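Structure first, then comments.
The values are calculated or read from the model by the stated rules, or taken from the named source; none is laboratory data. Note that this is a predicted model, so its numbers are computed, not measured. Here the Cβ is made from the backbone with ideal geometry for all residues, glycine too, and neighbour counts use every protein chain on show. All accessible areas refer to the heavy atoms of the entire protein, side chains included, with ligands and DNA or RNA removed. Shrake-Rupley method; radii C 1.70, N 1.55, O 1.52, S 1.80 Å.
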Amino acid sequence: MRWCPVASILEKIFPILTWSKNYNADKAVSDLLSGITVGMTLIPQSMAYASLAELGPQYGLYSSICGGFVYVLFGTIPELHIAPTALLSLVTYSHTLHVTFGKQNAVVLLCFVAGVIELLCGILHLGFLVDFVSAPVVAAFTSAVAITVASSQVKNLLGLQFIAETFMGAWYKIFEHIGQIKKWDAILGLSCFIMLLFLKKIKDYGEPPFAENCGNINGKRSKIKGLLWFISISRNVVVVGGCSLLAFFLEKSGNNVLTLTNNVPSGLPNITLPPIEVNYEGMNFSFVEMVSQLGISVFVVPFIAVLGNVAIAKAFAKGKAMDASQEMIALGMCNIVGSCFGSYPINASFTRGAISNATGVKTPTAGIYTGILVILSLTFLTPFFSYIPKPTLAAVVICAVLSMVEVTMTKLIWKINKIDLLPFTITLLSCLLIGLEIGIIIGVCVDIILLLHSSARPKILFEVVMDNDVGNYIKITPTSAITFPSAEYIRERIMNYHRNESSTEQYMVVIDCHRIHKMDFTAGKCLGAMMTDLKNNNRKVIFLEPRLKIVKVLKNVCANDILVAETEEELRMHLKHTKEMKLPHQEARVESFKQVREI
C-alpha cells in the first residue's frame, strides 16, 4: 500500500513510466520512421541555425544530441523534438556577442542557467504565467523573429561579410556593402532558395507513405505520392547534399568560387560540467561575473523558450490536457544535460513537430532515433560538412522561417476583433525597430493595459421599462464584477444617464445584479454615494437578484437602507406598492414597451 503513492509521484515526474506500459512493435516502427525523417531535416537545419548564433556548425549538432534522449524521460508530447531553433539561436547571438570570457563558454553557461530557471518554473508550477501572453502578441513576436532571422541571413545568401544585431542594422549594412556581393554566392544562394520553395510546394501533391488516407492504386499505396512527400520533407538534405557535391568538384578542379563552411571537428563533444569558473586569455572569471555579463538574457532566454515550447505543445496536444509545468521541467532538463555536451539554448520547433505528426509518431521515443542519427553524422560525416556552402545554409534558414510569419492569423484578427491588432502591431514594430526582447515586453505591457482597461471600463446596459401595471422604471445591468477600478466609472455613467436621458416619470431605479459576482469595499462605498445622489434627485434604488456576499457589502458600507428583490415577482411587488403609494389616482394602461440602450 505504501508503494502506490510513490509510484504515482514517479509516473508524474517520469511520464515514460505511464505510456511505456502499452508500447509495442507497431509504435516502435512508427517512431523509428518518424525519428529518422526528423533527423534528416534536423541535421542540416541545426548546422544552419548555429551560424545564426555565430557558432561553428558543430555546435548545432552538439545541441541536437541530448534533446531526444532527455525528453523521452520527462516529456509528454510525442511530436516535440528539443533542439536548436532560429529564435533562440538569434537571441543567443545577440546576448553573447560582447562577453569577455569566450563565446563558447558564454553559450554553454547560458544554456545551463536557462535550463535551471526553466526547471524551477516547472517545479513551482508557474506554467500559468504563459497564459498572460495573448495570441496576437505571440503571433507578432513570432513574425518579427522570422523577419529578423531572414534579414540576418541575407548577407550569407549574397556572400557579404559584416556584423549586425538587429533588423534595421542588418538592412543598413546590406545596402552599405551592396557593392561587395559575391556573384557566385548570390547565384547559388538564390537558386537554393527557389529550389527549397519548389520542393516544399510539391508536398501538397504527395502523401506520407504510411498515412491511412494515402491514395491507393489497385489496392496498393501510391508510391509516387509517397516519393514526392519524402523528397519534399527531405528537401534540406537534398539541397545541402547536392550543393556540397558541387562545391567538392569545384574545389578539386581548382575553382574555389564559393564561400564554404569552416572545418567541422570530427567526433562527439567532450562531456564536461558547465563552466562555473573560467580562465580565458589570462583572466579569471567567476560564475557571478559571467552571469552578470550575460545580464537579462538569463531570464529572456528561458521566457522565450518556455513560451514557444508551451505554444507548440498545445498545438499538438490534440485536445488532451497539456501539463505546461511538466513541459517546463522537460525543457529545463534538456538544457541542463545539453550544456554538458557543449549545447547552446534549445527548445521545440513547430517545423519538426509538423513533420513528426505527418510521419505518424506515437511516443517521444522518436527523439532517441533522431539523436542517434545526429551522433552518427558527427562520427562519420564531419569531413564532408566543410564543403557545405554558406549561401546554401542561409537559404535553408530563410525558407524555414518564412512560414513563421503569421499572415493568416493577422487576417483572422482583423476579421474577428480589430482591437487585437493594437497589441499585434505595437509588438511587431517594437521587435523590429527596438529589439526582440524589448518588443515582447512592450507587447505584454500593452496586453496588461488592455486587460486593465476592460476591467475598469465594463459595459453597462440601460433599459427604460414602461409598464402601467407596476409603473415606469429604469433598469441598469452592469455586465461584470464591480471592483475599485470600475466603481467610480459605473457611478459616473449611471448619474450621467440619469441627467441626460431620464425623465421625471421613472421614479424607481432597478440595478440588476445577476451578472455581478464580486464587489469590494470601494465599489460598495461608490454605490452608496450613488444611492444618496439619486435620492436627492427623487429616485429610489432597488437591487435585483444580488448574491448574499453583495448584499452583505451593501448593508455594511451604505448609509442608506437598501431595498433588495430576490426574484422578478418580488421586484414587481415592490414596484407596484411604490406606485400605489406615489400615484394612487393614475389609471393603468394596457400596453407596455421597453427601450434598450447599451453604453
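With angles folded into 0 to 90 degrees, how steeply does helix 86-96 sit against the dominant principal axis of the chain? Use alpha carbons for both and round to 10.
That helix lies at roughly 80 degrees to the long axis.
Obtain the nm distance between the two label points defined at Leu246 and Glu176 by a simple spin-label model: each point lies 7 Å from its Cα along the Cα-to-C-beta direction.
Computed distance between label sites Leu246 and Glu176 equals 3.1 nm.
Step through the residues of the stretch 258-265 one at a time and calculate ³J(HN,Hα) from phi using the Karplus curve (6.51 cos²θ - 1.76 cosθ + 1.60, θ = phi - 60°), rounding each to whole Hz and writing x for Gly and Pro.
10, 8, 9, 6, 5, 4, 9, x
Could you tell me the distance between the Cα centroids of the stretch 408-457 and the stretch 256-299, to the nearest Å?
36 Å
Once you have the Cα-Cα distance between Thr379 and Val6, take 0.36 nm times their residue separation minus that, and quote the gain in nm to one decimal.
So the chain would gain 130.2 nm between Thr379 and Val6.
Roughly how many Å² is the accessible area per residue of the stretch 235-355, as a whole number, for a 1.4 Å probe?
47 Å²
What is the spin-label model distance, in nm, from Ser20 to Leu32 if the labels are put 7 Å beyond Cα along the C-beta direction?
1.9 nm
If you fit an axis through the alpha-carbon atoms of helix 568-582 and take the longest principal axis of the Cα set of the chain, what angle between them do you get, 0 to 90°, nearest 10?
For helix 568-582, the angle is close to 40 degrees.
Give the span of the chain's Cα atoms along each principal axis, as three whole-Å numbers ordered largest to smallest.
113, 60, 55
Please give the helix 390-402 orientation as an angle from the longest Cα principal axis of the chain, in degrees from 0 to 90, rounded to the nearest 10.
Long axis of 390-402 versus the principal axis of the chain: about 20 degrees.
Counting Lys and Arg as +1 and Asp and Glu as -1, each charge on the Cβ, what is the dipole of the stretch 233-360 about the Cα centre in debye, to the nearest 20?
680 debye
Full-extension gain between Tyr489 and Ser455, please, as 0.36 nm times their residue separation minus the C-alpha to C-alpha distance.
Taking 0.36 nm per residue and subtracting the Cα distance, the gain is 11.2 nm.
Do you know the relative contact order of the chain, to the nearest whole percent, from alpha carbon pairs under 8 angstrom that are 6+ apart?
Rounded, it is 23 percent for the chain.
Looking at the stretch 413-512, which trypsin sites (Lys or Arg not before Pro) are DSSP coil and have at most 14 other C-beta atoms within 10 Å of their C-beta?
Lys459
Which FRET efficiency value, to the nearest 0.05, is calculated for Glu277 and His98 with the Förster distance at 25 angstrom and r the Cβ-Cβ distance? Present the calculation step by step, with values, prior to reporting the outcome.
Details: r = 21 Å, r/R0 = 0.82.
Between Glu277 and His98 the formula returns 0.75.
Calculate how many DSSP beta bridges within the chain are antiparallel, expressed in % of all such bridges and rounded to the nearest 5.
On the way: 19 of 32 bridges.
Rounded to the nearest five, the antiparallel share is 60 percent.
How much of the accessible area of the chain, probe 1.4 Å, is carbon plus sulfur, in whole percent? It would help to have the intermediate numbers written out before the result.
On the way: 18410 of 29320 Å².
Here it works out to 63 percent.
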